[in-house]
Amino acid sequence: MNIGYMMYVIILFGLSGLILLLTDVKKYKQAAQKKEQKVSLILGWISISIGIGLTLFNWIYQNFVW
């Protein structure tokens, strides 16, 4: 039996990116902080991209390697 934590990591990356995009970006836009808004936007999308990349990697590993 294999205990894996990959799905938890994927969910954390996806949710953290989504929360960044939904909360921080709006807050910085209302406060007219353009640099902070841009950084939050970039970090949110990077986090979501890492989650998607890990999902693909996990799927490939589970179906073709293991």
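The values are calculated or read from the model by the stated rules, or taken from the named source; none is laboratory data. Nothing here was measured: the structure is a model prediction, and the numbers come from that model. Here the Cβ positions follow ideal geometry from the backbone for every residue, glycine too, while neighbour counts run over all protein chains shown.
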*Have a look at K34, K27 and point out the one that is farther than 27 Å from F57 by Cβ and surrounded by fewer than 12 Cβ atoms within 10 Å (Cβ to Cβ).*
K34
*Pull up region 3-22, narrow it to residues that are more than 17 Å from L43 (Cβ to Cβ) and not aliphatic (A, V, I, L, M), then point me to the one that is modelled with the highest pLDDT.*
Y8
*asked:* Cβ-Cβ distance below 7 Å, separation of 6 or more or different chains: which pairs start in region 28-45 with a residue that is of a type in the set (S, T, N, Q) and end on one that is surrounded by 11 or more Cβ atoms within 10 Å (Cβ to Cβ)?
replied: Q37/V25; Q37/Y28; Q37/K29; S40/L20; S40/D24; S40/V25; S40/Y28
*asked:* Of everything in region 1-24, what is surrounded by 13 or more Cβ atoms within 10 Å (Cβ to Cβ) and over 12 Å from the mean Cα position of the chain (by Cα)? Give them in sequence order.
replied: M6, D24
